[in-house]
């Protein structure tokens, strides 16, 4: 045993060394696997990984970056980032070559940056970069590792939104339509708090004071020149113009609708017409169109109110309506007396004959003629003669029952139609007309005293005639008989 002792220590040391070697080999294998995994991760990560040296030359670009820019790594290694994946000048005009130089000089200032980049085919894309400078043992820059993500779509969306907002502002200010923009965010927040506390928006909407306090939270944020012009204000009176417009809209009329739209949080439109007075005191009729637009994250951002001056249009509509009404009136009325004209007479009689034949309804016609009216014209002139005709028409109208109507037939001749009246009732009405005419003084307003008499003839459907022409002829013959017998009386048509 003692003879083996001198060899024990070297053997033990050899075993220990072998064990340590095995541990080191395992550690190397694990480290190699880790490095390979990291290399695989960098190679396949869905982000651009770029390494570039202090001279701005490309050291490494991962596979995702190669696919993104359209280059093989062998085509980029050793080449400057400027002129390959970074254009010298951005579309906006920014000097990107100078930016890259500044990143290399002061990498600590550019832990992140966003700039336009360029693919191999010349397409411009936007990349947001996160930069990590790698220093050597002396603290000098050895390389920069930059990780980038494609933000082209976001950037384009931002540019489109910015362009859209710019165009909106240009349109807002240049449009000939008067516009007011209001910020209703405070109103939205107030109503949300109200509802969260168990409040009732409808109760607020029905309370004029509470409604006014709510709407006072809408702040006017902008207006255009057309609004100032519409309300005849000076530029320094723009807020006064908005106040005038707000008062014209009226809390009670538009306020509840605005509150409901704000609570709903959806795009809504309100339309109405209103009358307002400009700052110079002129009255205007305006068409209002309010568009309520929700903002982001359920906030409420904007109410856009368009105001169109429709004064001229409303005046034209009123004139057209009056003209149409006047035309419709004159189509069936006599322009001198206001009584119905012969066109209406024949149409009405046709209807009455048809209805009478179907339902066996009776009606009567009274033919009237002023006695010796020519003497009035000869003595007082044609103008006063026309005035007498007008006054006689008023007398006749006032003597008729509700169902009857009078017609200016020709000159000093009149016809009265009495639906539902038989012969005796019609004669009684005719006698009332005759008596009133005889007891009325005409041309009194002109300082004259003119007394008149009238002759009348009555015919009744169906006993005196069964058609329009026949009934008028029967009444006319009855009138002619009275004139021949001495005038100033009522005659009956001879039945048969």
In the stretch 106-126, which residues have a backbone nitrogen under 20 Å from the label point lying 7 Å from residue 72's Cα in the Cα-to-Cβ direction?
119-122
Percent of Cα-Cα pairs more than 18 Å apart in the stretch 46-105, please.
34 percent
Assuming R0 = 22 Å, can you tell me the calculated FRET efficiency for the pair residue 302 and residue 247, based on Cβ-Cβ distance, to the nearest 0.05?
0.55
Using only Cα atoms and rounding to the nearest 10 degrees, what angle (0 to 90) does helix 342-359 make with the longest principal axis of the chain?
90 degrees
Tell me, in nm to one decimal, what length is gained between residue 410 and residue 291 on full extension, where the rule is 0.36 nm per residue of separation less the Cα-Cα distance?
36.8 nm
Taking R0 as 60 Å, what's the FRET efficiency between residue 235 and residue 123 from their Cβ-Cβ distance, rounded to 0.05?
0.80
Viscosity 1.002 mPa s, 20 °C: Kirkwood-radius Stokes-Einstein D of the chain over Cα pairs, µm²/s:
63 µm²/s
Need one number: nm distance between label points at residue 277 and residue 152, each 7 Å from Cα along Cα→Cβ, rounded to one decimal.
6.3 nm
Label point distance in nm, residue 321-residue 18, each placed 7 Å from Cα along Cα→Cβ:
11.5 nm
Would you compute, for the Cα atoms of the stretch 45-156, the largest minus smallest coordinate along each principal axis and list the three values in descending order, in whole Å?
42, 29, 22
Residue 108 to residue 47: FRET efficiency via 1/(1 + (r/R0)^6), r the Cβ-Cβ distance, R0 30 Å, to the nearest 0.05?
0.85
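Quick note: the coordinates plus some simple rules give every number you see, no bench work behind them. Please read all numbers here as calculations on a predicted model, not as lab measurements. As a convention, Cβ positions derive from the backbone with ideal geometry for all residues, glycine included, and neighbour counts pool all protein chains shown.
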